[in-house]
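Asker: Supplied in structure tokens, the structure appears directly below.
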Amino acid sequence: MIQSTLSLPRVAVDFMNRDHDEFANLRAALLDHIAGGTADAIDSLLDQLHQHTIRHFADEEKLMQETNFPVYTVHKEEHDSVLADMVARIAHWRRDGDLAALQKWLDMAVGEWLVAHIASMDTVTARFAAARQPP
Ligand SMILES: [Fe+2]
């Protein structure tokens, strides 16, 4: 059973919550298109997901640097590895057109990663930043 809607933990910084919702919406749209068997919109949605993720990670990293977040490197390394995996998965899709592999990645890897990442690193980062940087 594919889980296209996620219930995401809320963090203490608004832009992060907005971005996380946007990411979850793009993921859900991709899963819906895959389930509907319409491959045409998938490339552009994957581009949007990739661009969104680059921009969102950069914004979180800027926030961590501005607030001297002590474990910046750990959080940044996870971002880097997630982005590298995303690039590889998209390349794999473009090369093989394997809809089932794409669906599995979005469903399991992306869904579980997103919720776990928000509940751990993003929660700690946002709490730290919100305490240092009143809105
Ligand atoms: Fe993050």
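The values are calculated or read from the model by the stated rules, or taken from the named source; none is laboratory data. What you see is a predicted model; the values in this text were computed from it and never measured. Neighbour counts run over all protein chains shown; Cβ positions are idealised from the backbone, glycine included. Surface areas here come from the heavy atoms of the whole protein model, side chains and all, with no ligands, DNA or RNA. Shrake-Rupley method; radii C 1.70, N 1.55, O 1.52, S 1.80 Å.
Asker: Can you go through Trp105, Trp93, Trp113 and tell me which one is under 30 Å from Gly36 (Cβ atoms) and over 14 Å from the mean Cα position of the chain (by Cα)?
Answerer: On the way: Trp105 fails: over 14 Å from the mean Cα position of the chain (by Cα); Trp113 fails: over 14 Å from the mean Cα position of the chain (by Cα).
After applying the criteria, what remains is Trp93.
Asker: Which ones in region 8-21 are more than 14 Å from the ligand (Cβ to nearest atom) and touching a residue at least 24 places away in the same chain (Cβ under 8 Å)?
Answerer: Of everything in region 8-21, just one residue is more than 14 Å from the ligand (Cβ to nearest atom) and touching a residue at least 24 places away in the same chain (Cβ under 8 Å), namely Asp14.
Asker: Looking only at region 48-63, count how many residues are in contact (Cβ under 8 Å) with a residue 24 or more places away in the chain and crowded, with 17+ Cβ neighbours inside 10 Å.
Answerer: Looking only at that region, the number is 6.
Asker: For region 64-105, name all the residues that are among the hydrophobic types (A, V, I, L, M, F, W, C) and open to solvent by 70 Å² or more (accessible area, probe 1.4 Å).
Answerer: Here is the first cut: in region 64-105, the residues among the hydrophobic types (A, V, I, L, M, F, W, C) are 64, 69, 71, 74, 82-84, 86-88, 90-91, 93, 99-102, 105.
Once the filter is applied, which keeps residues that are among the hydrophobic types (A, V, I, L, M, F, W, C) and open to solvent by 70 Å² or more (accessible area, probe 1.4 Å), region 64-105 yields Val71, Val74, Val87.
Asker: Still on this structure, please answer the following. Could you list, in sequence order, the residues of region 106-116 that are surrounded by fewer than 17 Cβ atoms within 10 Å (Cβ to Cβ) and not aliphatic (A, V, I, L, M)?
Answerer: Glu112, Trp113
Asker: For the subset of region 82-100 comprising residues that are of a type in the set (Gly, Ala, Ser) and at pLDDT 95 or above, which member is nearest to the ligand (Cβ to nearest atom)?
Answerer: We begin by selecting, within region 82-100, every residue of a type in the set (Gly, Ala, Ser); these are 84, 88, 91, 97, 100.
Right, trim to at pLDDT 95 or above and you get 84, 88, 91.
Values: Ala84: 15, Ala88: 19, Ala91: 23 Å.
Only one residue tops the list, namely Ala84.
Asker: So Arg132 passes all but one of these: (1) more than 16 Å from the ligand (Cβ to nearest atom); (2) touching a residue at least 40 places away in the same chain (Cβ under 8 Å); (3) touching a helix residue (DSSP H, G or I) at 6+ places or on another chain (Cβ under 6 Å); (4) not β-branched (Val, Ile, Thr). Which condition number does it fail?
Answerer: Exception for Arg132: condition (3).
Asker: Might you let me know whether region 2-23 holds any residue that is more than 17 Å from the chain's Cα centre (by Cα), among the hydrophobic types (A, V, I, L, M, F, W, C) and in a helix (DSSP H, G or I)?
Answerer: Of region 2-23, the ones more than 17 Å from the chain's Cα centre (by Cα) are 2, 12.
Next cut, among the hydrophobic types (A, V, I, L, M, F, W, C) only: 2, 12.
Checking which are in a helix (DSSP H, G or I) leaves us with none.
Taking every residue of region 2-23 in turn, none turns out to be more than 17 Å from the chain's Cα centre (by Cα), among the hydrophobic types (A, V, I, L, M, F, W, C) and in a helix (DSSP H, G or I).
Asker: Condition first: of a type outside the set (A, V, I, L, M) and open to solvent by less than 20 Å² (accessible area, probe 1.4 Å). Now tell me which residues in region 18-35 satisfy that. Working first, answer last.
Answerer: Within region 18-35, the subset of a type outside the set (A, V, I, L, M) is 18-23, 25, 27, 32-33.
Residues satisfying the conditions are Asp19, His20, Phe23, Arg27.
Asker: Need pairs with beta-carbon distance below 8 Å; first residue near the ligand (Cβ under 7 Å from one of its atoms) and within region 116-128, second part of a helix (DSSP H, G or I) and among the β-branched types (Val, Ile, Thr); sequence gap 6+ or separate chains.
Answerer: His117/Val82; Met121/Val74
Asker: Can you tell me how many residues in region 27-78 are of a type in the set (A, V, I, L, M) and either within 16 Å of the ligand (Cβ to nearest atom) or touching a Phe, Trp or Tyr at 6+ places or on another chain (Cβ under 8 Å) (or both)?
Answerer: Residues in region 27-78 being of a type in the set (A, V, I, L, M) and either within 16 Å of the ligand (Cβ to nearest atom) or touching a Phe, Trp or Tyr at 6+ places or on another chain (Cβ under 8 Å) (or both): 9 in total.
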